[in-house]
Amino acid sequence: MSLASRISLLASRVGLEVKTKIDATHPGVARAWVCFGYVGNQIVVRSSHNVASVTRLAAGRYRVTFDTAMPDDNYCWTALARSSTNSGTQRMAIVRSSTDQKTAQFVNISCATTSASFSDSSEINLTVYR
């Protein structure tokens with residue numbers, strides 16, 4: 001048996017082993033994700049999974065509602081925002097105010113500048129793990 005054949009057989013066996021250990025219920029698989037932005041005075045959802053809607057609550061403040069609710073509010077979310085300009089004004093999707101909510105049905109996220117003022121972005125990417 002050639003080396004190439006052995007490597008191919010090994011890769012096939014590894015694939016079968018991983019397939020039996022990681023499925024849709026694995027905690028490392030995202031339960032919801034969305035790529036959206038505020039463009040032309042409206043929310044534009046480019047692509048998503050398990051997201052029913054994205055609502056703009058105010059400048060830089062959004063509510064992402066899940067298609068299928070999470071089991072509880074003990075999930076982890078992470079988000080990134082694209083800068084809306086090329087002037088070096090960065091946007092961050094990490095700022096949360098005390099009024100933001102996180103429930104099994106939805107999560108509120110905020111987008112802000114580096115000076116901590118709420119600001120919209122043309123692209124925000126949110127991922128939720130549970």
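Tabulated values for the structure
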item	result
Condition check for ARG91: at pLDDT 85 or above, basic (Lys, Arg) and either in contact with a strand residue (DSSP E or B) (Cβ under 7 Å, 6 or more places away or on another chain) or loosely packed, with under 10 Cβ neighbours inside 10 Å (or both)	no
Residues within segment 76-88 that are open to solvent by less than 50 Å² (accessible area, probe 1.4 Å) and either modelled with pLDDT of 95 or more or β-branched (Val, Ile, Thr) (or both), tallied	0
Residue selected from segment 20-60 under the condition surrounded by 15 or more Cβ atoms within 10 Å (Cβ to Cβ) and touching a Cys at 6+ places or on another chain (Cβ under 8 Å), by the criterion farthest from ALA104 (Cα to Cα)	GLY60
Selection status of GLY40, at positive phi and without any contact (Cβ under 8 Å) to a residue 12 or more places away in the chain	yes
Near pairs, Cβ below 7 angstrom, 6+ apart or cross-chain, from segment 47-64 (touching a residue at least 12 places away in the same chain (Cβ under 8 Å) and β-branched (Val, Ile, Thr)) to any residue that is open to solvent by 50 Å² or more (accessible area, probe 1.4 Å) and in a strand (DSSP E or B)	VAL54/VAL45; THR55/ARG63
Residues of segment 94-115 classified as among the hydrophobic types (A, V, I, L, M, F, W, C) and at pLDDT below 80, total	2
Residues within segment 40-53 that are over 13 Å from the mean Cα position of the chain (by Cα) and in a loop (DSSP other than H, G, I, E, B), tallied	2
Residues of segment 54-77 classified as part of a strand (DSSP E or B) and within 14 Å of ILE124 (Cα to Cα), total	8
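The values are calculated or read from the model by the stated rules, or taken from the named source; none is laboratory data. Quantities reported herein were computed from a predicted structural model and do not represent experimental measurements. As a convention, Cβ positions derive from the backbone with ideal geometry for all residues, glycine included, and neighbour counts pool all protein chains shown. Please note that ligands, DNA and RNA were not included when accessible areas were found on the heavy atoms of the full protein model with its side chains. Shrake-Rupley method; radii C 1.70, N 1.55, O 1.52, S 1.80 Å.
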